[in-house]
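Asks: To start, I am sharing the structure in question, which I have written as structure tokens.
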Amino acid sequence: MLKEFEKAIVSQIYLVFEIKDTAELLPDYLMMWFRRPEFDRYARYKSHGSARETFDWNEMIETELPIPGIEKQKELVAEYQTIENRIRLNNELCQKLEETAQTVYRHWFEDFEFPVIARSEAQQNDEAISTNQILQVAEPTAEYQNRSEMVAERRRSYKSSAGKMVYSEELGKEIPEGWKVGKLGDVITIGSGKSLSNFSKFKINHHLNPVVGAGGINGYTDEFNFDEDIIVIGRVGTHGKVQRFHQKCWATDNTLVIIPKYYEYTYQFLQSVNYIELNRGGVQALITQTDIKNLEILLPHQNLIVLFENRIGEIFNKFEILNKQTQKLEELKSLLLGKMAVEE
């Protein structure tokens, strides 16, 4: 349903129609009916064609649906839109949390402006911060919500406080003294997912575990092949989507599944990888386990990584709470759509 624009160009493969009498049938109510999984299955059943399935206009106008009084329609639409708006807000908050975590990662491990302890009087005399001080990182201030906070943090950050830097031949740039360059395979375990043919597109009955493909969640099943904290990336086809799961799930055979030693640090590192450069496939894009294990990664002092894990873990705890709220809202939305089939 087009609401955002007064005018638009629509492809000729789509049919365009409008409701004759909106005092009898609300467009939003009709759109709710179309969003029901039962209508999706009905449309697929009535469709024809092989390369491109077609649900034509003659089938559309024969579709039956209950049409309650206009006030009842308004009530259902209002409930639905309230849920939709809350889901949209949660998604926006999750996006901001993701951006905050990425900002902290870049600030600490790309700009090398991670927090350090306050300098003593002796160190104020142009003396560089030593390795011993690096090992005593300080808790940072409030979350990096804006640039002014980042500037304030920079006043006691490593590189801006004349922290010692050394040249890394492997990376071709300077890195903090005492840091190492290793392979991602040193700090992860990696494997591939497995194929699964029997699953539901929607959460129904006991099918509650997500079926995870390279591009996202494909459906739900009562089976699982992982029940731990994992990171999932694409192996074949779709590359660049980095997914995190802390529940039972089924990772499909077009994915690579990573169990990291440092979860948050590895997750943020994988967000920064150029997967196009790793592609070794032709028509079908392909990345192997070896490609991922051989990625060069900075290995800071362990206590700095632990501090980062704790800090970013707090951010993603909020992220997970919002995600669970969204899942409940999606279930509530499904129940509301299910109510439409019951005439009152």
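The values are calculated or read from the model by the stated rules, or taken from the named source; none is laboratory data. These numbers were taken from a predicted model, which means no experiment stands behind them. Note that each Cβ is placed from the backbone with ideal geometry, even for glycine, and that neighbours are counted across all protein chains shown. Quick note on the areas: whole protein, heavy atoms, side chains included, nothing else; ligands and nucleic acids left out. Shrake-Rupley method; radii C 1.70, N 1.55, O 1.52, S 1.80 Å.
Asks: Cross-link partners among lysines for LYS180, C-alpha distance below 29 Å, same-chain residues fewer than 8 apart left out?
Replies: LYS159, LYS164, LYS241, LYS261, LYS293
Asks: So if we plug the beta-carbon distance of MET31 and ARG280 into 1/(1 + (r/R0)^6) with R0 = 45 Å, what FRET efficiency do we get, rounded to 0.05?
Replies: After rounding to 0.05, the efficiency reads 0.55.
Asks: Next question. Could you pull out every one of the lysines with an alpha carbon less than 20 Å from that of LYS324, ignoring same-chain neighbours closer than 8 positions?
Replies: In chain and number order, the partners are LYS96, LYS201, LYS203, LYS248, LYS333.
Asks: Per residue, what accessible area does the chain have, given a 1.4 Å probe and all protein chains present, in Å²?
Replies: Spelled out: the 1.4 Å probe surface of the chain, per residue, equals 59 Å².
Asks: Another question, if that's okay. According to a simple spin-label model (label point 7 Å from Cα along Cα-to-Cβ), what is the distance in nm between ASN294 and ASP222?
Replies: 4.4 nm
Asks: Here's a follow-up. Which value does Rg/Rh take for the range 274-344 over its C-alpha atoms, Rh per Kirkwood?
Replies: We get a ratio of 1.27 for the range 274-344.
Asks: Let me ask something else. Give me the percent of accessible area attributable to carbon and sulfur for the chain, probe 1.4 angstrom.
Replies: 49 percent
Asks: Right, next: Could you pull out every one of the aspartates and glutamates with an alpha carbon less than 14 Å from that of LYS173, ignoring same-chain neighbours closer than 8 positions?
Replies: Correct list for LYS173: GLU110, ASP111, GLU296.
Asks: Between the range 300-344 and the range 162-201, what is the C-alpha centre distance in whole Å?
Replies: 26 Å
Asks: Suppose every Lys and Arg Cβ carries +1 and every Asp and Glu Cβ carries -1, with no other charges. What dipole size does the chain come out with about its Cα centre, to the nearest 20 debye?
Replies: With Lys and Arg at +1 and Asp and Glu at -1, about 400 debye.
Asks: Further question: Once the piece of chain linking GLN247 and GLN102 is laid out straight, how much longer is it, given 0.36 nm per residue of separation minus the C-alpha distance between them?
Replies: In short, 49.9 nm is gained.
Asks: Can you tell me, using C-alpha contacts under 8 Å and at least 6 residues apart, the relative contact order of the chain as a whole percent?
Replies: After rounding, I find 17 percent.
Asks: Once fully extended, how much extra length lies between LYS3 and ALA341, figured as 0.36 nm per residue of separation less the alpha-carbon to alpha-carbon distance?
Replies: 119.2 nm
Asks: Moving to a separate point now. Kirkwood hydrodynamic radius of the range 187-339 from all distinct Cα pairs, in Å?
Replies: 16.8 Å
Asks: Taking N as the number of residues in the chain, what is its alpha-carbon radius of gyration divided by 2.2 N^0.38 Å?
Replies: 1.28
Asks: Shifting gears a bit: Would you rank PHE17, PHE109, PHE34 by solvent-accessible area, highest first, keeping every protein chain in place and using a 1.4 Å probe?
Replies: Correct descending sequence by accessible area is PHE17, PHE34, PHE109.
Asks: From largest to smallest, what semi-axes in whole angstrom does the range 3-125 give when each is the square root of 5 times an eigenvalue of its alpha carbon gyration tensor?
Replies: For the range 3-125, the ellipsoid semi-axes come out as 53, 21, 14 Å.
Asks: Measuring from a point 7 Å past the Cα of THR54 along Cα-to-C-beta, which residues in the range 3-46 have an amide N at less than 18 Å?
Replies: From the range 3-46, the list is 11-17, 43-46.
Asks: Roughly how many whole Å is it from the C-alpha centroid of the range 60-98 to that of the range 1-35?
Replies: After rounding, the separation between the Cα centres reads 15 Å.
Asks: Report the accessible area of HIS246, computed with a 1.4 Å probe over the heavy atoms of all protein chains in place, in Å² rounded to the nearest 10.
Replies: 80 Å²
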